[in-house]
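Input: a single structure, listed below in C-alpha cells.
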Amino acid sequence: MPTPLPAQPYPYPLPPTGLALIIIDMQRDFIEPGGFGDALGNDVGLLRAIIPQVRALQDAFRRYNLPIFQTVEGHLPDLSDCPPSKRDRGHGALKIGDPGPMGRILVLGEPGNGIIPELAPLPGEVIIPKPGKGAFYATDLEAHLKAQGVTHLVITGVTTEVCVQTTMREANDRGYECLLVEDATESYFPEFKQATLEMVRAQGGIIGWTASTEAVLSTLAAQYSAQVAV
Ligand code: C5J
C-alpha cells in the first residue's frame, strides 16, 4: 500500500517499491566560481543553500537501499554533441568548451564537471552525463529506471526552472510519478524557483507534486525502515 506523503497539491502516494532519487547537476560548473554558471553572470553561491537537504535525502536513500541517480550536464571534448545554438547563445565571459579556471567549460571529465565533494557518489551509484537540459534526452536514464523497476521519482538539484523542470516534464510525459523537493532544488533566480514550484503543482498536479525535505524524510522512515530492519 502506498503511504501518503504530505505534499502539494495533495498527498504523494509513496510506493512500497519503485522509488528513486534523482539529483540534477550538483556539479562544480554551476555551484562554484569559475564555472559555466559564473561565466553566465550568475551568483553561484546561492545554490549552496540546498546542499544539506540534498545530502540528507542522499543519506536516507542509501540507508533504505533505494536507487540514486545523479546527472551532470556536459559535452564530449570535441563538442560534437553540443549544438552550435547552445554554444553561441548569450554573451557569457566564457563559452562551452573554452578553457577556464576549472578546466574546459561544461566538458565531460574536466574538474568543473565533477559533482561537488559534499554529494560525491559512492562506488556503484549511477552518474548520467547529459548533453541537454533534460536528463532523458540522449541519455540512458530511462533504460536504468526500467531495469530497476522505478516508477516514482523524488527530484532534487539545480537549477529549478532549467534542468530540474525540464527533467521533471520529460519524466511526467513518460508516466513517472514525480515529486519535486522544495528546499532541495535551487535557482539563481528565487522568483523563477517559486514560479516553477507553483507551475508543477497547479491544475491538480499537472506535472507532479512538491514537498519539503522534512516531509520526504519522515515518510520515508515510516515506509521503509521496517523493510530495512527485516
Ligand atoms: C543550466 C542546469 N541552468 N543544470 N543548467 O544551464 O539547470
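The values are calculated or read from the model by the stated rules, or taken from the named source; none is laboratory data. Just so it is clear, the model here is predicted, and its values are computed rather than measured. Reconstructed Cβ throughout: ideal geometry from the backbone, glycine too, with neighbour counts over all protein chains shown. SASA here: full protein model, heavy atoms, side chains in, ligands and nucleic acids out. Shrake-Rupley method; radii C 1.70, N 1.55, O 1.52, S 1.80 Å.
Using the heavy atoms of the protein chains and a 1.4 angstrom probe, tell me the accessible area per residue for the chain in square angstrom. Can you show the working numbers first?
Working: 9790 Å² over 230 residues.
In whole numbers, the chain has 43 Å² accessible per residue.
Taking the highest mean first, how do the peptides 142-155, 172-185 order by number of other beta carbon atoms within 10 angstrom per residue?
Details: 142-155: 17.3, 172-185: 20.8.
Output ranking for 142-155, 172-185: 172-185, 142-155.
If one computes the Cα centroid of the stretch 155-217 and of the stretch 60-133, what distance in Å separates the two points?
The stretch 155-217 and the stretch 60-133 have Cα centres separated by 20 Å.
With only alpha-carbon atoms counted, please give the Rg and Dmax of the stretch 1-132, in Å.
In Å, with Rg to one decimal and Dmax whole: 17.0, 52.
Quantify, in whole percent, the carbon and sulfur part of the accessible surface of the stretch 134-211 (1.4 Å probe; protein heavy atoms only).
Working: 1600 of 3050 Å².
Carbon plus sulfur share of accessible area: 53 percent.
Taking Rh as the Kirkwood radius, which is the inverse of the mean 1/r over Cα pairs, what is the Rg/Rh value for the stretch 72-152?
1.02
If the viscosity is 0.692 mPa s and the temperature 37 °C, what Stokes-Einstein diffusion coefficient in µm²/s follows for the stretch 27-74 when Rh is the Kirkwood radius over Cα pairs? List each step's numbers first, then the result.
Values: Rh = 12.2 Å.
Result for D is 270 µm²/s.
Ratio of the stretch 100-230's C-alpha Rg to 2.2 N^0.38 Å, to two decimals?
Details: Rg = 16.0 Å, N = 131, 2.2 N^0.38 = 14.0 Å.
Against the empirical 2.2 N^0.38 Å value, I get 1.14 for the stretch 100-230.
So what is Rg over Rh here for the chain, counting just Cα atoms and using Kirkwood for Rh? Each step should come with its number before you reach the end.
Details: Rg = 17.1 Å, Rh = 17.8 Å.
Taking Rg over the Kirkwood Rh, I get 0.96.
Excluding residues fewer than 8 places away in the same chain, name every one of the lysines whose C-alpha is closer than 19 Å to that of Lys95.
Lys86, Lys130, Lys133
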